[in-house]
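So the structure is just underneath, and the comments pick up after that.
The values are calculated or read from the model by the stated rules, or taken from the named source; none is laboratory data. Please read all numbers here as calculations on a predicted model, not as lab measurements. Cβ coordinates were reconstructed from backbone atoms using ideal geometry, including for glycine residues, and neighbour counts include every protein chain displayed.
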Amino acid sequence: MDFDTRAKQWDNDPIKWERAAAVAAAIRNRVQLSPDLRAMEYGCGTGLLSFALCRELGAITLADSSTGMLAVLQEKITASGMNHLQPLHLDLAVDPLPTERYDLIYTLMTLHHVSDVERILRDFHALLRPKGALCIADLDQEDGSFHGASFDGHPGFEREALREQLVRAGFDSVHFETCYLMRKPQGDRIREYPIFLAVATRA
Ligand SMILES: C[S@@+](CC[C@H](N)C(=O)[O-])C[C@H]1O[C@@H](n2cnc3c(N)ncnc32)[C@H](O)[C@@H]1O
């Protein structure tokens, strides 16, 4: 998927804003946010979710593997003066683990693009401080129609299988809820794709 090319138009889609706002509300509901918390967003894109949460958090690292997304993000940070948001070019499939540790990691619609899910869940666990929380918002398992036949990522996630993967990665409590319903036209009807929020904590 060519996120570099799509970056400049990303924020023109009101659904992406609405989705980020719904996920931010669900995170706020499950996690005690505070300016004392150091956070990372993984797969931040243009930072829609972090901009929704940034007044309630301390320093936020916004990580993404797309230079196009990070360029748009940097423009938004400069324009808003939200200088506690720090872009980071990072792909945990190939880059070494950053040395910084976080109280909160959140990720929206990115896990289904990551081929080795077990590995990245272990990385997230390693990047969290004790008592830290991981929030994953992503598609429930679907039939592949969300992205279409040429997509080589995951067709969403089955919640119980993901829960087991999180436990194997070292997380101890995992809570799932539905936090948003994506609607996409398909032929002459509208298809609905639920998005879950999983909140996992480490000891
Ligand atoms: C569907 S977009 C979601 C962007 C943003 N979270 C949002 O909801 O608006 C997925 C994002 O994940 C990023 N991404 C995909 N694979 C990645 C990887 N292995 N490491 C870091 N970022 C990745 C893409 O560049 C893209 O910005």
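Answer with yes or no whether residue 100 is surrounded by fewer than 16 Cβ atoms within 10 Å (Cβ to Cβ) and over 12 Å from residue 39 (Cβ atoms).
Taking the combined requirement at face value, the residue does not satisfy it.
When restricted to residues that are within 12 Å of the ligand (Cβ to nearest atom) and assigned to a loop (DSSP other than H, G, I, E, B), the stretch 55-68 contains 2.
Of the residues examined, residue 13 is not one that is over 22 Å from residue 175 (Cα atoms), within 12 Å of the ligand (Cβ to nearest atom) and touching a helix residue (DSSP H, G or I) at 6+ places or on another chain (Cβ under 8 Å).
Among the candidates 148, 153, single out the residue that is more than 17 Å from the chain's Cα centre (by Cα) and within 22 Å of residue 7 (Cβ to Cβ). Show your work before the answer.
Working: 153 fails: more than 17 Å from the chain's Cα centre (by Cα).
Matching residue, one of 148, 153: 148.
Residue 93 fulfils the conditions (1) free of Cβ contacts under 8 Å to residues at least 60 places away in the same chain; (2) out of contact with any Lys or Arg (no Cβ under 8 Å at 6 or more places or on another chain); (3) outside any strand (DSSP E or B) except for a single criterion, (2). For the stretch 21-39, the condition of being touching a Leu at 6+ places or on another chain (Cβ under 6 Å), near the ligand (Cβ under 9 Å from one of its atoms) and at positive phi holds for none of the residues.
For (1) in contact with a Lys or Arg (Cβ under 9 Å, 6 or more places away or on another chain); (2) modelled with pLDDT of 95 or more; (3) part of a strand (DSSP E or B); (4) surrounded by 15 or more Cβ atoms within 10 Å (Cβ to Cβ), each residue gets a yes or a no:
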| residue | (1), (2), (3), (4) |
| --- | --- |
| 1 | no, no, no, no |
| 8 | no, yes, no, no |
| 16 | no, yes, no, yes |
| 29 | no, yes, no, no |
| 46 | yes, yes, no, yes |
| 51 | yes, yes, no, yes |
| 70 | no, yes, no, yes |
| 75 | no, yes, no, no |
| 87 | no, yes, yes, yes |
